[in-house]
1. In the range 120-151, how many residues are within 15 Å of the chain's Cα centre (by Cα), acidic (Asp, Glu) and over 15 Å from Arg37 (Cβ atoms)?
2. Just to be sure I understand the filter: pairs with C-beta atoms under 9 Å, separated by 6 or more residues or on different chains, first member in the range 100-124 and without any contact (Cβ under 8 Å) to a residue 12 or more places away in the chain, second member aliphatic (A, V, I, L, M). Which pairs pass?
3. Please enumerate the residues belonging to the range 125-138 that are in a loop (DSSP other than H, G, I, E, B) and either surrounded by fewer than 22 Cβ atoms within 10 Å (Cβ to Cβ) or without any contact (Cβ under 8 Å) to a residue 24 or more places away in the chain (or both).
4. Kindly check whether there is at least one residue in the range 30-46 that is modelled with pLDDT of 90 or more and either in contact with a helix residue (DSSP H, G or I) (Cβ under 7 Å, 6 or more places away or on another chain) or hydrophobic (A, V, I, L, M, F, W, C) (or both).
5. Output the number of residues of the range 86-123 satisfying the condition of being closer than 16 Å to Leu138 by Cβ and in a strand (DSSP E or B).
6. Scan the range 140-170 for residues that are assigned to a helix (DSSP H, G or I), at pLDDT 95 or above and either touching a Leu at 6+ places or on another chain (Cβ under 8 Å) or polar (S, T, N, Q) (or both) and jot them down.
7. Given the structure, is Ile39 loosely packed, with under 15 Cβ neighbours inside 10 Å and part of a strand (DSSP E or B)?
8. What do you reckon, is Leu53 among the hydrophobic types (A, V, I, L, M, F, W, C), in a strand (DSSP E or B), over 29 Å from Thr17 (Cα atoms) and modelled with pLDDT of 95 or more?
Amino acid sequence: MSRVENLIQVLAVTYFTDQRGSYRKLWSAQPGGFVPRQIAAVDCPEPGIFRGLHWQAQPHTERKLVTCQRGSVFDIAVNMDPSSPGFRSWQGVELTANDNKALLIPPLHAHGFLSLSADTLVVYASDADYVPDAERGLQVTDSKLGIVLPEPARILSNKDKSWPLLASSS
C-alpha cells in the first residue's frame, strides 16, 4: 500500500525547563476525548528494535497516545479499517525525547515503532483494556504494506515475525 500524511494526529507537548529540571504535560483531557485506561513504558536498549505492528479488533478497538521520553524512534500507524478509503495505508513519524511531540493513533490502526538510538524509552497510553482474543498484527516487512524504515529492523519478537502476511490472508 502507500504512505500517507495526516493518518495520525501529531500533537504539541507542553514543555519547559528551569533549574529544577524539566516538565512535560503529555495530555490534557477534553470532553468526549481520549481518556487513558492503561499506560505502558517500553525500554529499547539498542537501535534496530522493532515492536509491533498491533491493533485490537472490534468491539475492543483502542486509541493510543505515544511519546518518546528518551532516545528516538520511528513510529508507524497502518490503517486497518476495511471501511476506510485509506485501508492499509501507513504513516511514519520520527519521535525524539527533545521534539515535544506526541502521536494520537486512531482506532483500527496497527501501531509499532523502531528504536533509532540506544537507551530509548517510549511511553504510551491506551483508552481500552488489552483483550488477547482481539489482538491482531502485521509484519512490518510485509511487502504488500510497502513500509519504508529509516534503518533495518534487526530485532523483533518471534510473535511479531509470525503474523500472517497480507498476501496469505487476503
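1. 1
2. none
3. Quick first cut of the range 125-138, residues in a loop (DSSP other than H, G, I, E, B) only: 127-131, 138.
Within the range 125-138, Asp127, Ala128, Asp129, Tyr130, Val131 meet the criteria.
4. Scanning the range 30-46, I find at least one residue that is modelled with pLDDT of 90 or more and either in contact with a helix residue (DSSP H, G or I) (Cβ under 7 Å, 6 or more places away or on another chain) or hydrophobic (A, V, I, L, M, F, W, C) (or both), so the answer is yes.
5. Result for the range 86-123: 10.
6. Correct list: Asn158, Asp160.
7. Numbers: loosely packed, with under 15 Cβ neighbours inside 10 Å: yes; part of a strand (DSSP E or B): yes.
When the stated conditions are applied, Ile39 passes them.
8. Working: among the hydrophobic types (A, V, I, L, M, F, W, C): yes; in a strand (DSSP E or B): yes; over 29 Å from Thr17 (Cα atoms): yes; modelled with pLDDT of 95 or more: yes.
Judged against the criteria, Leu53 is a match.
The values are calculated or read from the model by the stated rules, or taken from the named source; none is laboratory data. These numbers come from a predicted model, not from an experiment. When we count neighbours, we look across all protein chains shown, and the Cβ atoms used for this are built from the backbone with ideal geometry, even at glycine.
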